[in-house]
Each structure stands twice: as structure tokens, then as C-alpha cells.
Amino acid sequence: MGSSLSHRPRKRFGQNFLHDAGIIQRIVQAVSPQPGQRIVEIGPGQGAITLPLLEACGKLEVVELDRDLIQPLADRAAGIGELIIHQQDVLKFDFGTLAGDDRLRVVGNLPYNISTPLLFHLIDQSPAIQDMHFMLQKEVVDRMAAAPGNSDYGRLSVMIQYHCKVDPLFRVKPGAFNPAPKVESAIVRLTPWQQPPARLDDLASLSLLVRTAFSQRRKTLRNTLKKLLPAEQIEAADVDPGVRPETISLEQYIKLANQLSRMKT
Ligand code: SAM
């Protein structure tokens with residue numbers, strides 16, 4: 001245990017270790033781990049969430065990049081349950097290989113410096129995932145959950161909401177971590193839809209369309225989408241080309257994406 005306590009948090013790995021017992025308990029309660037479930041934790045660090053999860057379900061897999069944390073973590077888990085440690089970059093980790101017949105439950109107090117690419121990596125693998133509980137910068141949770149018309153609504157909102165139901169759960173103050181981050185944090189639950197919210201012909205078209213639309217938030221769709229979808233094609237999808245990207249609902253983006261796929265074929 002001595003070696004883990006002497007570990008100096010590394011900024012480049014986004015290491016902010018949770019030490020607030022009340023917050024740890026609330027996270028574990030929100031996850032509600034049950035014996036026999038396949039749970040994977042991203043970035044276990046020194047085991048703040050790992051050990052209570054392991055206690056509750058007897059077996060846990062974790063993905064941790066920092067080699068120096070591996071042995072102390074294995075030592076701490078010994079005698080509590082079966083901890084399988086993958087020493088790997090989670091951005092390259094294939095969650096599909098872990099899911100057997102049961103889909104995975106994914107948990108993590110995520111490294112904030114890679115949170116956006118990590119969320120996109122995870123939604124790509126959402127068929128293998130039952131649910132996800134994450135600690136993130138509160139601002140990122142606000143963006144994921146934002147509705148059309150809100151200034152936080154953007155590419156992350158549309159792409160995450162296409163794949164998952166987003167439930168922000170509670171806020172966490174900087175003082176719950178060591179070292180304290182500069183920003184407020186929040187816990188969010190993401191539940192991949194069993195059925196997509198509307199019929200989408202191809203995901204690449206939605207992705208391209210949303211990225212292009214939000215590349216210039218203050219311009220109208222007519223201007224921003226000029227090279228992708230002419231105004232009459234926007235109208236053919238029942239969308240007004242004179243509005244800004246933040247006013248368009250997910251369903252409307254899906255219609256526009258289907259229009260784009262039709263034009264490509
Ligand atoms: N779960 C611990 C806790 O709550 O105290 C640690 C959370 S800390 C915010 C993020 C953890 O993710 C660290 O342990 C860090 O080493 C790990 N990490 C950072 N980048 C990673 C990556 N690319 N792949 C896997 N783990 C990573």
C-alpha cells in the first residue's frame with residue numbers, strides 16, 4: 001500500500017484522485033453493481049471506485065495506462081475479488097472483445113484531457129455496452145445533455161444523444177479530488193438506445209453533416225452546408241435553411257443526413 005500512497009499524481013494522465021468517501025459511495029450507489037455483471041472501469045488509478053465495485057460484484061476488469069499504478073492496485077485488490085487489469089491506452093481499447101453474451105457496464109472517473117475523443121470512441125462501441133457512468137467536467141456533461149436552442153447544444157449533444165439516453169446525476173466539487181481540478185465535475189449516466197431514435201441511413205453522413213453545421217455556429221445552415229446540401233435539399237428534409245445549427249433537433253439532423261446519403265448515391 002505504501003507505494004500507491006507515495007504515487008505523485010501525473011498531470012499528463014489527467015490524474016485527479018477521488019478521496020471524498022461520500023461521493024465515492026454515491027457513485028457506487030448510482031452504478032448499483034450486481035454479482036455476475038460484466039463491469040469495466042476506465043482509469044482505476046489508486047482504486048477509489050475500483051475496490052468498492054469489486055467488493056460488490058466479485059470480479060472487475062480495468063483499463064489503466066499508467067504502469068506505475070498497476071502493481072499497487074493489484075496488491076490492494078488481492079483478497080477482495082478477481083481484478084483483471086489491462087495496462088493499455090483506453091482510446092485504443094476494443095470493448096467489444098470483452099463483451100460476451102452480456103453487454104458491458106462501463107464506469108470511470110475519466111481523465112478530462114481525453115474526455116471528448118474517449119466519448120466518441122465509446123459511442124462507436126455502444127452495441128457492446130449496457131450503460132456507462134462517468135465523472136466528467138460539468139461543462140462536458142452540460143454539453144452532452146443540452147437541448148436545441150441552448151448555447152451548450154452542439155456536435156457532442158447531437159452525436160451522444162443519437163446513441164444514448166443522457167441522464168446527468170449529480171455535481172461534484174473540486175475539493176473531492178486530490179489534486180483539486182480547476183473545474184466543477186458531474187456524474188452522468190449514458191444508456192445506449194436499444195433502437196436508434198429515428199431511422200438513419202448512414203452514420204458517416206450524420207457525423208459529417210453535424211461537424212460541418214457546427215463548424216460555424218453563428219451562420220445559417222444555408223451558408224454552412226452550402227457545399228454539402230444545397231438549400232432546396234435542406235428544404236426537402238423539412239428544415240428551414242435560414243436557421244442556425246443550434247436550433248435543429250436530432251430528428252431534423254437525421255432527416256438532413258438521410259437527404260445527404262440519398263444525394264451521394
Ligand atoms: N479512478 C481513480 C479515482 O477516481 O481516484 C482515478 C481517476 S483519474 C481522474 C484518471 C485515471 O485514468 C488515472 O488513473 C490515469 O492514469 C488514467 N488514464 C489516463 N489516461 C488514460 C488512458 N489513455 N487510458 C487508460 N487510463 C488512463
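Within the stretch 158-178, the set of residues being closer than 26 Å to L203 by Cβ and in contact (Cβ under 8 Å) with a residue 40 or more places away in the chain comprises V158, M159, I160, Q161, Y162, H163, C164. Being under 18 Å from M135 (Cβ atoms) and out of contact with any Lys or Arg (no Cβ under 6 Å at 6 or more places or on another chain) holds for only one residue in Q29, Q88, Q34, Q71, and it is Q29. Under the condition of being more than 16 Å from the ligand (Cβ to nearest atom) and touching a Pro at 6+ places or on another chain (Cβ under 9 Å), the residues counted in the stretch 82-127 number 6. Between L91, L83, the distinction of being at pLDDT 95 or above, more than 22 Å from Y112 (Cβ to Cβ) and either surrounded by 18 or more Cβ atoms within 10 Å (Cβ to Cβ) or in contact with a Leu (Cβ under 7 Å, 6 or more places away or on another chain) (or both) belongs to L83 only. Scanning the stretch 34-44 for residues that are closer than 16 Å to L136 by Cα and outside any loop (DSSP other than H, G, I, E, B) gives E41, I42. Checking each residue in the stretch 54-113 for being over 19 Å from I24 (Cα atoms), out of contact with any His (no Cβ under 8 Å at 6 or more places or on another chain) and of a type in the set (A, V, I, L, M) picks out L65, I70, A74, A78, I84, I85, L98, A99, L104. I'm trying to understand the selection: among the residues of the stretch 217-251, which are part of a helix (DSSP H, G or I) and touching a residue at least 12 places away in the same chain (Cβ under 8 Å)? Answer for the stretch 217-251, where residues must be part of a helix (DSSP H, G or I) and touching a residue at least 12 places away in the same chain (Cβ under 8 Å): L221, R222, T224, Q233, I234, A236, P245, E246, T247, L250, E251. The set of residues in the stretch 179-193 that are surrounded by fewer than 19 Cβ atoms within 10 Å (Cβ to Cβ) and either over 30 Å from R218 (Cα atoms) or in contact (Cβ under 8 Å) with a residue 40 or more places away in the chain (or both) comprises P179, A180, P181, V183, E184, R189, T191, W193. The test for being away from the ligand (no atom under 14 Å from the Cβ), surrounded by 12 or more Cβ atoms within 10 Å (Cβ to Cβ) and at pLDDT 95 or above does not hold for P52. Remark: pairs (first residue in the stretch 37-48, under 13 Å from L110 (Cβ atoms) and within 11 Å of the ligand (Cβ to nearest atom); second residue hydroxyl-bearing (S, T, Y) and not in a strand (DSSP E or B); Cβ separation under 8 Å; 6+ apart in sequence or on different chains) = E41/T50; P44/T50. Among residues of the stretch 11-29 that are over 25 Å from L91 (Cα atoms), those with a Cβ under 9 angstrom from a residue that is within 12 Å of the ligand (Cβ to nearest atom) and in a helix (DSSP H, G or I), sequence gap 6+ or separate chain, pair up as H19/A176; D20/A176; G22/A176; I23/A176; Q25/P52.
Matching residues to (1) among the basic types (K, R); (2) crowded, with 17+ Cβ neighbours inside 10 Å:
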{"site": "R12", "(1), (2)": "yes, no"}
{"site": "L18", "(1), (2)": "no, yes"}
{"site": "S32", "(1), (2)": "no, no"}
{"site": "V40", "(1), (2)": "no, yes"}
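In the set (1) in a loop (DSSP other than H, G, I, E, B); (2) surrounded by 13 or more Cβ atoms within 10 Å (Cβ to Cβ); (3) at pLDDT 95 or above, the condition left unmet by A198 is number (3). For the stretch 12-33, which positions are more than 13 Å from the ligand (Cβ to nearest atom) and outside any helix (DSSP H, G or I)? Those that are more than 13 Å from the ligand (Cβ to nearest atom) and outside any helix (DSSP H, G or I): S32, P33. Filtering the stretch 140-160 for residues that are away from the ligand (no atom under 16 Å from the Cβ), closer than 24 Å to L65 by Cβ and at pLDDT below 95 leaves an empty set.
The values are calculated or read from the model by the stated rules, or taken from the named source; none is laboratory data. Please read all numbers here as calculations on a predicted model, not as lab measurements. All Cβ positions, even for glycine, are placed from backbone atoms using ideal geometry, and neighbour counts span all protein chains on display.
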